[in-house]
Amino acid sequence: MIGKIKNKAIISLIIICSFFCSSLVFGQSSKALETIFAIEALDLATANLKKAKSSKKRIKSLSQAIRSYEETLAILRISVRDLTLQKSQVQNVLDQNENEIMQLLGVLATVQKTPIAGQMLHPSGPLATARSGMIISEIIPILQENVDQIKDQVMVLEQLSETQFKAQASLQTGLLELQKAHSNLGRAIANREDVPKRFIADPEKLKILIKASNDLETFAASVQSIALDEPSVSLPSVRDRKGNLKLPVRGKVLRKFNEADASGIKRSGIILATDPGALVISPTAATIRYLGPFLDYGNVAILEPQNGLLFVFAGMDTLYGEIGQVIPALSPIGLMPSQSSKVDKIFKAQTNIYAGKLSETLYVEVRSGAQTENPLDWFN
């Protein structure tokens, strides 16, 4: 039987398949392992989130748990994207080499079905028969080795698919848990009574100021004028903590201080790219000077951590707190916009391997008197 198959064709086939299989051997997928660890970390973060709900210091505990949960959720989301890409690569190589795989399996099946004596007989005589036997004894293990490598890759593909399914289920559950935590946080803030109020805002002055201000700079510079009967208070300095404050939201710097955008416009602050629905916090204890909508900036928070110093955050959706309140450090002040209130739409947007990882933007400005300072000098 072996005489009917060209030796060169068999050898060529072995070379092709050996090259193909060696390029595929990943062993157990490292991405699958990373994703499994991320799923376990999210399970732990979920447990902490549920504990925070019943904590005595509910708002602080929920805020910290939500920030930690966002970090863990982001790690899992990245793992899922990487896993999906690796799965696609393995599948593509298997698909592209489908013909070679079929030929390899066909040759192996043919050789294994043919009796040994029939394989070794050769029409050119005993010497050729002996050579055929030697070739067969070397070919069969190589063919089997290549088939085993293909089986390994199919197993890797199955492992990737199974882990991807589990990870996507964890992500979807995670987003639901995060929404519940946001709701719990909102209720806790609405019911709190332990936050002192430094002043009451004059609604008429506020309305006039908003109408008269053409930009955020003008508005922020005059926002102190809306206070009614504000006592003279000297707040402790936070300048000794300059450079060591937490960013108000988990994200990445999209545009730096005074960096021109696509239209050539420069702004006296930075722009952070964030996840939809990300929690925004006050980096320090501060007085809420303003909380509400302003022009096309979305919802804006203007915080005063010390006399003459303002932190301005713009672009939020949900807001927490009231104008005039003095809030402790790391207090929640709002949530970034969500692309949809429906978890399935958020889930699809956040797990699409081609989608941007951080789709919302928060504008951050630091004002000292009449001057603006680079926020990156303040936040680490």
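The values are calculated or read from the model by the stated rules, or taken from the named source; none is laboratory data. What you are looking at is a predicted structure, and each value in this text was computed from that prediction instead of being measured. Neighbour counts are summed over all protein chains in view; Cβ atoms, including those assigned to glycine, are modelled from backbone coordinates with ideal geometry.
Filtering segment 318-333 to residues that are in contact (Cβ under 8 Å) with a residue 40 or more places away in the chain and closer than 22 Å to Q179 by Cα leaves T318, Y320, G321, L330, S331, P332, I333. As a summary of the residue check, R67 satisfies the conditions (1) crowded, with 21+ Cβ neighbours inside 10 Å; (2) at pLDDT 85 or above except for the one numbered (1). Just one of the listed residues (K211, K205, K151) is assigned to a helix (DSSP H, G or I) and in contact (Cβ under 8 Å) with a residue 12 or more places away in the chain, namely K205. When restricted to residues that are of a type in the set (F, W, Y) and either under 17 Å from the mean Cα position of the chain (by Cα) or not in a loop (DSSP other than H, G, I, E, B) (or both), segment 245-296 contains 1. Among the residues making up segment 53-81, a single one is in contact with an Asp or Glu (Cβ under 9 Å, 6 or more places away or on another chain) and either farther than 29 Å from S30 by Cβ or among the basic types (K, R) (or both): R77.
A search for C-beta distances below 9 Å between a residue of segment 34-56 that is not assigned by TED's automatic domain parsing to the domain that holds L160 and any residue that is surrounded by 14 or more Cβ atoms within 10 Å (Cβ to Cβ) and of a type in the set (V, I, T), counting only pairs 6+ apart in sequence or on different chains, returns nothing. Does Q86 satisfy the criteria of being modelled with pLDDT of 70 or more, more than 17 Å from L279 (Cβ to Cβ) and either assigned by TED's automatic domain parsing to the domain that holds L157 or in contact with a His (Cβ under 6 Å, 6 or more places away or on another chain) (or both)? Here the answer is yes, as Q86 does meet what is asked.
Quick grid of which residues meet (1) closer than 19 Å to T163 by Cα; (2) surrounded by 14 or more Cβ atoms within 10 Å (Cβ to Cβ); (3) modelled with pLDDT under 85:
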residue	(1), (2), (3)
S12	no, no, yes
Q28	yes, no, yes
A32	yes, yes, yes
A41	yes, yes, no
L49	no, yes, yes
S55	no, yes, yes
E71	no, no, no
I75	yes, yes, no
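For first residues located in segment 167-191 and surrounded by 18 or more Cβ atoms within 10 Å (Cβ to Cβ), partners that are of a type in the set (K, R) and lie 6+ apart or on another chain with Cβ distances below 7 Å form the pairs L171/R77; N184/K53; A188/R58. Among residues of segment 336-364 being out of contact with any Asp or Glu (no Cβ under 8 Å at 6 or more places or on another chain) and modelled with pLDDT of 70 or more, the one that is nearest to Y320 (Cα to Cα) is L362. For segment 202-238, the tally of residues that are among the charged types (D, E, K, R) and closer than 18 Å to G269 by Cα stands at 2.
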